[in-house]
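What follows is one structure encoded as structure tokens, with my remarks underneath.
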Amino acid sequence: MLTMKGKYGLKAMVHLAGAEPGRPVLVNDIAERNAIPRKFLDAILADLRNAGFVQSKKGKGGGFTLAHPPAQIRIGHVIRVLDGPLAPLPCASKTAYRRCQDCTDERQCAVRLMMIEVRNAISTVLDGRTLAEMRAMADLDEMAAMYHI
């Protein structure tokens with residue numbers, strides 16, 4: 001399940017993807033327009049900056065910008081930075097594998113095998129989509145609302 005940190009991080013990234021390229025966006029603007037608590041957003045943006053997804057500039061004319069074009073940012077990568085592995089169980093994870101203590105035969109564990117399938121499906125969708133595509137979804141929704149479609 002996506003945590004609030006992951007959800008807010010994605011909302012902030014979509015907001016930045018909709019901004020004029022290279023023009024910094026103030027944290028307060030992102031927080032207010034997306035109903036994100038300011039202090040929580042500060043921490044999320046710090047994680048995204050440390051991971052190389054966003055850049056920040058202090059002082060007058062400062063704020064946050066994307067560090068890469070939206071078409072180069074994979075949604076799955078952003079979620080992994082904010083929420084950790086995509087797998088619902090550690091034994092099904094590729095990046096943070098950990099054997100379950102109660103498992104007697106991991107190769108035949110039906111729960112593990114199903115969760116690997118779930119992880120693969122989630123990964124296919126999230127790693128196959130970019131921030132540009134996610135932003136385009138938001139733009140289509142806004143356009144539909146404008147024209148009462």
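Looking across region 46-58, just one residue is loosely packed, with under 14 Cβ neighbours inside 10 Å, small (Gly, Ala, Ser) and part of a loop (DSSP other than H, G, I, E, B), and that is Gly52. Among the candidates Ala96, Ala92, the residue that is among the aliphatic types (A, V, I, L, M), farther than 18 Å from Met134 by Cβ, exposed (fewer than 13 other Cβ atoms within 10 Å of the Cβ) and touching a residue at least 12 places away in the same chain (Cβ under 8 Å) is uniquely Ala96. State yes or no: is Leu66 surrounded by 16 or more Cβ atoms within 10 Å (Cβ to Cβ) and either in contact with a His (Cβ under 9 Å, 6 or more places away or on another chain) or free of Cβ contacts under 8 Å to residues at least 60 places away in the same chain (or both)? So Leu66 fails the test. Assessment of region 36-45 against the conditions (of a type in the set (Phe, Trp, Tyr) and buried (at least 19 other Cβ atoms within 10 Å of the Cβ)) yields no matching residue. When Leu113 is tested against (1) assigned to a loop (DSSP other than H, G, I, E, B); (2) more than 19 Å from Lys7 (Cα to Cα), only condition (1) is not met.
For region 57-65, the criterion of a residue being assigned by TED's automatic domain parsing to the domain that holds Asn28, within 15 Å of Gly6 (Cβ to Cβ) and aromatic (Phe, Trp, Tyr) is satisfied by no position.
The values are calculated or read from the model by the stated rules, or taken from the named source; none is laboratory data. The structure presented is a predicted model; accordingly, all values stated were derived computationally and were not measured. All Cβ positions, even for glycine, are placed from backbone atoms using ideal geometry, and neighbour counts span all protein chains on display.
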